[in-house]
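Take a look at the structure below.
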Ligand SMILES: [Zn+2]
């Protein structure tokens, strides 16, 4: 299992979001590695920290070859130099959360970021879904604009847009499917009906995603620390119970993410047929 969507934070920001806490959460599982996100710049600001959030992640995961870092951008500063810093730190992608970070998904600042990311082959992992900010600034249909203008930019749309928007996100992935196979549905925080009703898809919704875009374009993420050890086990129990071929489950639980990252060591990847 190679897990996407792990937010790491120093203990002064959130005690249960440290690297140690995450490694504890996966203990006893068939864990190969994870993609870890740097804290958002505003979180460091709230905690009164003056160090760089991306450098913090770099130093935190140094020496853990199975942990892949993604940086984050400060929307108050020019995008391109930050993207370049993230490349220099050896990170493979950027976590973008437009409503929490309060930026428009397709304005001048964000387009500069996408252009630089496409140039440097960084993966964009987006939060998509209702998050208490003006909806027009992060309407999922803007993802289609990004895909058209930055055709090589590889993107993961987390929560598949959630309960409100998942059909729009599947529309975007399908709409761009003939121009390249580089848009993915992030299967994170979608399997706990009571605790996560805004993002809930349930096993049926996840199966609809597979039916519509194919198992090769589903990437399981934990959304740690908002989901911790118990939620991870609950997710895995529901996923293992899906009426899918084992190869498709394995693809969602890490095979696809490893392929996206170009990781070829370890278990053979389970790559199924072309969904389109
Ligand atoms: Zn997240």
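Readers should treat all values here as calculations from the given coordinates under stated rules, not as data from a laboratory. As the structure is a computational prediction, the values presented were derived from the model and not from experiment. When we count neighbours, we look across all protein chains shown, and the Cβ atoms used for this are built from the backbone with ideal geometry, even at glycine.
Annotations
- Expected 222 nm ellipticity per residue - DSSP helices of 4 or more, -39500 (n - 2.57), all of the chain, to 500: -11000 deg cm²/dmol
- Projected label points at residue 178 and residue 246, each 7 Å from Cα along the beta carbon direction, are separated by 3.8 nanometres.
- Note on region 131-173 and region 222-249: Cα centroid distance 23 Å, given to the nearest whole angstrom.
- When you count the other C-beta atoms within 10 angstrom of each residue and take the mean per peptide, 104-116, 163-175 line up highest first as 163-175, 104-116.
- Using 0.36 nm per residue and subtracting the Cα-Cα separation, the extra length available between residue 133 and residue 234 on full extension is 33.4 nm.
- Here the contact order of the chain, divided by its residue count and restricted to Cα pairs under 8 Å and six or more residues apart, works out to 17 percent.
- Alpha-carbon radius of gyration plus Dmax, which is the widest Cα pair, for the chain in Å: 17.2, 50
- Computed over region 133-276, Kirkwood Rh from alpha-carbon pairs, angstrom: 15.5
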